[in-house]
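The values are calculated or read from the model by the stated rules, or taken from the named source; none is laboratory data. Predicted, not measured: the structure shown is a model, and the values here were computed from it. Note: ideal-geometry Cβ built from the backbone for every residue, glycine included; neighbour counts use all protein chains shown. Please note that ligands, DNA and RNA were not included when accessible areas were found on the heavy atoms of the full protein model with its side chains. Shrake-Rupley method; radii C 1.70, N 1.55, O 1.52, S 1.80 Å.
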Amino acid sequence: MLLALCCSLLQDEPKTTRQIFKECVGSVVAVRGWAHLGEQSGAGVVISEDGLILCSYTTVPEGSEKIRVWFKGPKLYTAEYVAGSKHDEVSLIRIKPDAPLTPIRFGESAACDLGQAVFSIGNAQNSFINDDQPSFQRGIISGRYVLTDLKSGAYFRGELFETTAAVNEHMDGGVLLNDRGEMIGMITLNYTPNRWMGHAIPVDWIRKTLDRLKHDIAASTAAGAESDPGSGALGFTMKDEGGKVVVDTVVENGPADTAGLRAGDAILRISGEAVADAASARKRLDGLAAGSWVWLEVDAGGDIEKIKLRAEKK
Amino acid sequence: MTLLLLAALAQEDDLEAKFTRSLGKVAAAVAEASAPSVVAIEVDRDPRSDGDGFNPNQGAAPDYYRRPEGLVSGAIVGADGWILTSYFNVSGEIRGIKVRQDSKTWPAKLVGYDKPKDIALLKIEAEGLPVLRTAVMEEIKTGRTVFVMGRSPDASRATITDGIVSAVHRFKESAIQVDAEMNFGSTGGPCLDAQGRLVGIAAHINPKSSWGQSGGVGFVTRIDAIEGVLEKLKKGEKIEKAKTPWIGILGADSEDPEGVRVQEVLSGSPAEAAKLEADDVIVEVDGKKVATLAELQQTVQGRKVDQDVTLTIVRKGKEQKVKVTLGENPNE
């Protein structure tokens, strides 16, 4: 009893903005798919360890093809459409992860107060897909009301959270979090010209929608999904030299060659993380899926440069 | 040293975590306590006559610049039915105004307004309305936390955005600038301090600019500036333009003595009434040195029409004091 009380008190300790980001970012993804309106990009969130992802129907409507999911890393998966509810603006897709995923924790949207602190994580203007940078925003719940008009291609008519946490294009399907890091809403791009603010569909509504879709979800678990986009190659090799990780060979016309990487360049960082030795750098880059973007910080003869590469299918 | 730094950083983290939660708690408390004093306003306007300050090309403009249909906001400032809002909200040919809150609706009358301050005063027939306390304006300085509340798009639901005071001396000292998101819906609503006290009214929305909607540049007409005209507005005064105080001289910078040399005293001006003469050099206003014409103009414009000021002048090498009652500049 005492232990439970202590746990609950600890859970309610205020967290830093950074803690909330670190705890939740692994459960948030970017999503891109092809549908009748062309290619759409948005965000999504992991809701089961075995690969079920909640995203917006605006990004992945029924009939979508070539659905891809990015995790921070970057790590790319292909996904299959599982189920959806257009008027709830909810789609479910499934990937086949190589290790159990960390699902987001659902909070209670009914318990949220006007004014309380919130955070949004998403793929603002494709920050996630293009630069492996999930966008993170802080604000408060600035309103809670019904929107009946549909704008920005939204489908959900009903009560929404309004938030001062910035919401921008390609964030539909992203998460609105409370200050304990629990999901209290799913970002929608609907808005009202009276306010011009960001909005999210309350998670209590999402929960009901998921409950209605549970038979489709169960069927998809049985069927499984093919999720391997194929491993990628960047077209260069590395070696340890004088305490540095140095580019050894560059494949002609490969991604590294095209991006300007040259033999002899020292690799300092991979997607922001310092490089220790050639073996760990190799391990990091060998895990990349085809289509993933990666940033290299290199020392090219004294000039520190940032080079962006896209892994090609091996 | 490193340990000390780490300890300090850990404390910063702790403070940051507490700050985020506290901000949310303060916002929630301000919202709950102040919402009963925030009203929605429904304005029936002849669509052919949209109001002053509005972009005449709005027909072709995107939603962002267009005054949307629907509710705007206001704040109760008198228990017997006095409501402040932005003048912008009631500009144009108005056929009727209603004040709404939850399921209640009152017909409202536009009693007075102050266009330069972008303030309008409405009256509804009601008693015992909850009135917001007034902030101590000396405490409202750059960096202070503020909140802007509204009641749009839903008359039964208040809204709140948070921010800080970005600047204080705006619109000839009558307004402050805040970074709390403001927009068509919340304009006219109250701006509150962290104790839920009324700092002013969200005003001066600018539909022509790219920051007009939730852009982090918002203006709030100060409650002390409103209080200065409130009694006049209650009596039905409609202030179309600002009264600019003046002395009524033509002058130029003077180096010896340092000040402003009077070149001409304008006919019928306060300077003439105070018997100022050409070649007098104004060196001080109320004991404060003025070195240039620009400084003199700035000092005078910070005062009010009908206010007395004491000028220190140098006439024929001798310093003397002259009392001048500021008049209204007829050219502005």
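Scanning segment A:256-279 for residues that are surrounded by fewer than 16 Cβ atoms within 10 Å (Cβ to Cβ) and on the phi > 0 side of the Ramachandran plot returns A:G260, A:G264, A:G272. Number of residues in segment A:280-304 that are open to solvent by 60 Å² or more (accessible area, probe 1.4 Å) and either hydrophobic (A, V, I, L, M, F, W, C) or not assigned by TED's automatic domain parsing to the domain that holds A:E241 (or both): the value is 3.
Close Cβ contacts (under 7 Å, 6 or more residues apart or on different chains) running from residues in segment A:100-115 that are closer than 14 Å to A:E162 by Cα to residues that are part of a loop (DSSP other than H, G, I, E, B) and of a type outside the set (K, R) comprise A:L114/B:A158.
Evaluated against (1) under 19 Å from the mean Cα position of the chain (by Cα); (2) among the aromatic types (F, W, Y); (3) part of a loop (DSSP other than H, G, I, E, B), A:Y155 falls short on exactly one condition, (1).
Would you call A:G232 in a loop (DSSP other than H, G, I, E, B) and in contact with a Gly (Cβ under 8 Å, 6 or more places away or on another chain)? No: the conditions fail for A:G232. Among residues of segment A:260-314 being in a helix (DSSP H, G or I) and among the aliphatic types (A, V, I, L, M), the one that is modelled with the lowest pLDDT is A:L285.
Scanning segment A:75-131 for residues that are on the phi < 0 side of the Ramachandran plot and in a helix (DSSP H, G or I) yields A:K86, A:H87, A:D88, A:S109, A:A110, A:A111, A:A124, A:S127, A:F128, A:I129, A:N130, A:D131.
Every listed requirement among (1) closer than 21 Å to A:V167 by Cβ; (2) part of a strand (DSSP E or B) is met by B:F184 save one, (2).
The residues in segment A:154-165 that are at the interface with another protein chain (Cβ under 8 Å from one of its Cβ atoms) and among the hydrophobic types (A, V, I, L, M, F, W, C) can be counted, and the count is 0. Taking the criterion of being modelled with pLDDT of 80 or more and not aromatic (F, W, Y), would at least one residue in segment A:219-232 satisfy it? Within segment A:219-232, none of the residues are modelled with pLDDT of 80 or more and not aromatic (F, W, Y).
Identify the residue in segment A:34-48 that is at pLDDT below 95 and not hydrophobic (A, V, I, L, M, F, W, C) and, among all such residues, is least open to solvent (accessible area, probe 1.4 Å). Per the criteria, the residue is A:G38. Residue under question is B:G228, and the condition is that it be among the small types (G, A, S) and closer than 30 Å to B:V324 by Cβ; does it hold? Considered against the rule, which asks whether it is among the small types (G, A, S) and closer than 30 Å to B:V324 by Cβ, B:G228 comes out as yes. Considering only segment A:90-106, I want to know if a residue exists there that is open to solvent by 20 Å² or more (accessible area, probe 1.4 Å) and more than 30 Å from A:E273 (Cα to Cα). Scanning segment A:90-106, I find at least one residue that is open to solvent by 20 Å² or more (accessible area, probe 1.4 Å) and more than 30 Å from A:E273 (Cα to Cα), so the answer is yes.
None of A:N190, A:N178 is in contact with a strand residue (DSSP E or B) (Cβ under 8 Å, 6 or more places away or on another chain), of a type in the set (S, T, N, Q) and closer than 17 Å to A:V45 by Cα except A:N178. Inside segment B:156-196, residues that are closer than 20 Å to B:L121 by Cβ, open to solvent by less than 40 Å² (accessible area, probe 1.4 Å), away from chain A (no Cβ under 13 Å) and of a type outside the set (A, V, I, L, M) make up a count of 3. Just checking, does segment A:146-153 include any residue being crowded, with 24+ Cβ neighbours inside 10 Å and within 11 Å of chain B (Cβ to nearest Cβ)? Within segment A:146-153, none of the residues are crowded, with 24+ Cβ neighbours inside 10 Å and within 11 Å of chain B (Cβ to nearest Cβ).
Checking each residue in segment B:73-89 for being under 17 Å from the mean Cα position of the chain (by Cα) and outside any strand (DSSP E or B) picks out B:Y87, B:F88, B:N89.
Collect the residues in segment B:261-285 that are within 34 Å of the chain's Cα centre (by Cα) and under 15 Å from B:T310 (Cβ atoms), keeping them in residue-number order. Listed by number, the residues that qualify are B:P270, B:A271, B:A273, B:A274, B:I282, B:V283, B:E284, B:V285.
Can you tell me which residue is nearest to A:V146 (Cα to Cα) among those in segment A:180-191 that are open to solvent by less than 10 Å² (accessible area, probe 1.4 Å) and not hydrophobic (A, V, I, L, M, F, W, C)? Spell out how you get there, then give the answer.
Step one: filter segment A:180-191 for residues open to solvent by less than 10 Å² (accessible area, probe 1.4 Å), giving A:181, A:183-188, A:190.
Restricting the remaining residues to those that are not hydrophobic (A, V, I, L, M, F, W, C) gives A:181, A:185, A:188, A:190.
Numbers: A:G181: 25, A:G185: 14, A:T188: 13, A:N190: 11 Å.
Result: A:N190.
Only residues that are aliphatic (A, V, I, L, M) and at pLDDT below 90 were counted in segment B:237-270, giving 1. Any chance segment A:166-179 includes a residue that's free of Cβ contacts under 8 Å to residues at least 12 places away in the same chain, within 14 Å of chain B (Cβ to nearest Cβ), under 30 Å from A:H36 (Cα atoms) and open to solvent by 20 Å² or more (accessible area, probe 1.4 Å)? No, segment A:166-179 has no match at all.
Among the residues making up segment A:125-145, a single one is of a type in the set (G, A, S) and either surrounded by fewer than 22 Cβ atoms within 10 Å (Cβ to Cβ) or over 27 Å from B:R21 (Cβ atoms) (or both): A:S127.
Restricting B:A61, B:A35, B:A75 to residues that are at pLDDT 70 or above, open to solvent by less than 60 Å² (accessible area, probe 1.4 Å) and within 12 Å of chain A (Cβ to nearest Cβ) narrows the list to B:A35.
Looking at this structure, is A:P74 surrounded by 19 or more Cβ atoms within 10 Å (Cβ to Cβ) and either free of Cβ contacts under 8 Å to residues at least 12 places away in the same chain or outside the structural domain of A:I201 (by TED's automatic domain parsing) (or both)? Answer is yes for this residue. How many residues are at pLDDT 95 or above and either part of a loop (DSSP other than H, G, I, E, B) or more than 14 Å from chain A (Cβ to nearest Cβ) (or both) when one looks only at segment B:140-152? The qualifying residues number 2.
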